[in-house]
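What follows is a short report on a single structure.
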Amino acid sequence: MVRAPGRTAVLARRGVGPTAGELVHEALDRAFAGSPAPAEEIVALDAGCGRASALTAYRARIGRFVGADIHAPAPDALPHLDEFAAVDLCSEADAFPPGSFDVVLSSFTMEHFADPPAALRNLRAWLKPGGRLVLSTVNRRHPFVWAYLAIPPRVRRPLQRLVKASAADAHPIVGACNDPAAVRAALEDAGFSAIEIRTTGHLARAWGRHLPTYVLGLLGDLGARSIPSRRSTIVAEAIARHD
């Protein structure tokens, strides 16, 4: 993502908080440290993998690295993966056998799910008992996110292309399960325990392609920084319950 020099330093000075990526890596550190799988034998899934993955930082611990997304990538676009599967995470419950994975990452995909509870049930089924899920998503309780989701899709789509790093990152947003309480409830209903949810301001970083949208995002982050339930981004971690 393109940003003018010094913007990250401005965010740090203003106390916006850790990046969503930093919170995801902290959660993944705990997931890998807590995994009962032997070293270098963890089977990991990036559910909604896009073009990059936070799991690549743990490649030395991963014995089999699988990516899944609704659209197949261009040839050789995901060299870090051992396997890729084109999967609708909401509707294809049989895409992977039960108990296939030790760690699952779902990074900024939940806001796109047509049926978030079904997707979480599938992720729980694909995890081994005791396996770890880490997910990040937007928080519709932030006023800017709420307003953005209230815009008709035909208008929102061009706005996405404006604020995202590239047009390829602009996907339809549903936002059906996108506040901290709803995420926690959906995880519990899907069969997860030890649920931890954190929030952070991430708009300035996510909208930082252009200076005007960066400034707007920074104002949004600063306005919500003292109200955890309204910060723009949710990072959750949970453990698949033993049946």
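The values are calculated or read from the model by the stated rules, or taken from the named source; none is laboratory data. Nothing here was measured: the structure is a model prediction, and the numbers come from that model. Positions of Cβ are backbone-derived with ideal geometry, glycine not excepted, and every protein chain shown enters the neighbour counts.
When you look at Ala77, is it of a type in the set (A, V, I, L, M) and farther than 22 Å from Leu120 by Cα, yes or no? Steps first, please.
On the way: of a type in the set (A, V, I, L, M): yes; farther than 22 Å from Leu120 by Cα: yes.
Against the criterion (of a type in the set (A, V, I, L, M) and farther than 22 Å from Leu120 by Cα), Ala77 qualifies.
I'd like the residue in the range 190-212 that is at pLDDT 90 or above and out of contact with any Asp or Glu (no Cβ under 9 Å at 6 or more places or on another chain) and, out of all such residues, is nearest to Ser107 (Cα to Cα).
Ranking the qualifying residues of the range 190-212, first place goes to Thr199.
Looking at this structure, is Leu187 at pLDDT 95 or above and not in a helix (DSSP H, G or I)? Even if it seems obvious, please write down each step before you answer.
Details: at pLDDT 95 or above: yes; not in a helix (DSSP H, G or I): no.
No, not satisfied.
Looking at Val174, Val215 in this structure, which one is surrounded by fewer than 22 Cβ atoms within 10 Å (Cβ to Cβ) and either over 30 Å from Asp243 (Cβ atoms) or modelled with pLDDT of 90 or more (or both)?
Working: Val174 fails: either over 30 Å from Asp243 (Cβ atoms) or modelled with pLDDT of 90 or more (or both).
Just a single option satisfies the conditions, and that option is Val215.
Which condition does Ala147 not pass, out of (1) farther than 21 Å from Ser100 by Cβ; (2) in contact with a Lys or Arg (Cβ under 8 Å, 6 or more places away or on another chain), if it passes all the others?
(2)
From the list Leu219, Leu211, which residue is free of Cβ contacts under 8 Å to residues at least 40 places away in the same chain and farther than 16 Å from Arg140 by Cα?
Details: Leu211 fails: free of Cβ contacts under 8 Å to residues at least 40 places away in the same chain.
Result: Leu219 is the single residue among Leu219, Leu211 that is free of Cβ contacts under 8 Å to residues at least 40 places away in the same chain and farther than 16 Å from Arg140 by Cα.
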